[in-house]
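Have a look at the structure below before the remarks.
The values are calculated or read from the model by the stated rules, or taken from the named source; none is laboratory data. For clarity, every value in this text was computed on a predicted model and none was experimentally measured. Glycine gets a Cβ as well: all are built from the backbone with ideal geometry, and neighbour counts include every protein chain shown. When the accessible area is computed, the model is the full protein with side chains, heavy atoms only, and any ligands, DNA or RNA have been set aside. Shrake-Rupley method; radii C 1.70, N 1.55, O 1.52, S 1.80 Å.
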Amino acid sequence: MTFSVSDAERDGGAACLRLAGELDLSTAGELAAAIDKLTAAGERRVLLDLTDLTFCDSTGMAVFVRGDNQVAADGGWLRITGANGRVERVLRVTGLAEVLRYLPDTADPASQSAS
């Protein structure tokens, strides 16, 4: 399966990217570039919708952390939502679910406090 990053409807004032397919070494640069483009445009609140993401390796996880660090440096945050199956399991096992404040049952993760 291929990978895609697309702009999604904004939620709670955050820029939202919808990820689909497999996020790995060969596709992580595409997500990093999309996050860079948002931050260059002044976005400081980024929501990643992982509903259609079927696979994510350590390279993809590193892009999540890099993006979070990037926006946090300017007082913002990166949140994730919609992970399922293996992707959700990897987020939990690695501890990134807590770091990125992943709450699967939250209707609007963009409204969560950054602290």
Item to complete: Scan segment 5-51 for residues that are surrounded by fewer than 20 Cβ atoms within 10 Å (Cβ to Cβ), of a type in the set (Val, Ile, Thr) and more than 19 Å from Gly76 (Cβ to Cβ) and jot them down.
Response: Thr51
Worksheet item: Consider Ala20 against the criteria (1) assigned to a strand (DSSP E or B); (2) modelled with pLDDT under 95: it satisfies all of them except one. Which criterion is unmet?
Response: (2)
Discussion item. For segment 32-61, which positions are small (Gly, Ala, Ser) and within 15 Å of Glu22 (Cβ to Cβ)?
Written reply: Ser58, Gly60
Discussion item. Between a residue in segment 23-49 that is part of a helix (DSSP H, G or I) and aliphatic (A, V, I, L, M) and any residue that is at pLDDT 95 or above and open to solvent by 30 Å² or more (accessible area, probe 1.4 Å), which pairs come within a Cβ distance under 7 Å, given they are 6 or more apart or on different chains?
Written reply: Ala28/Thr59; Leu31/Val5; Ala32/Arg66; Ala34/Val5; Ile35/Gln70
Practice prompt. Just need a number here: residues in segment 1-22 that are basic (Lys, Arg) and either over 13 Å from Ile80 (Cβ atoms) or touching a residue at least 60 places away in the same chain (Cβ under 8 Å) (or both).
Written response: 1
Item to complete: Select, from Thr81, Thr59, Thr54, Thr2, the only residue that is of a type in the set (Val, Ile, Thr) and either exposed (fewer than 15 other Cβ atoms within 10 Å of the Cβ) or farther than 20 Å from Arg92 by Cα (or both).
Response: Thr2
